[in-house]
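All remarks here apply to the structure that follows.
Where a number appears in this text, it was derived from the coordinates with a stated rule and is not lab data. Small disclaimer: the values here were computed from a predicted structure and weren't measured. Neighbour counts run over all protein chains shown; Cβ positions are idealised from the backbone, glycine included.
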């Protein structure tokens, strides 16, 4: 059972996912700092407050609804979503550009430049397509 777990845990997909989670957490911290330290004060200037986090509605003498913290979290999410969208869009554009310049060898399925006449992996003759 330990051998199976080790094979699962150290497969490329699991390790890639772990690295992605760590980088994502660090990226989230950077975006949170950006919103808290740069965006919130600018928005706060417009509203006459020091930051979004200070926005609240006093319901009773000891109960307040702090909607500013929620707005700050929404802003964090929107910035992270926008940056991830732009990254995925750039990666997809790069992949499409690569696909247009390469084709798969029909014998071994290795990616081969369109102008190649012989596969570098299996040395099969490739007809111009």
Would you calculate a helix-derived [θ] at 222 nm for the chain, using -39,500 (n - 2.57) for each DSSP H run of n ≥ 4 and dividing by the full residue count, to the nearest 500? -19500 deg cm²/dmol
Radius of gyration and Dmax over the Cα atoms of the chain, both given in Å: 25.6, 83
Taking 33, 111 and counting other C-beta atoms within 10 Å, the order from fewest to most: 33, 111
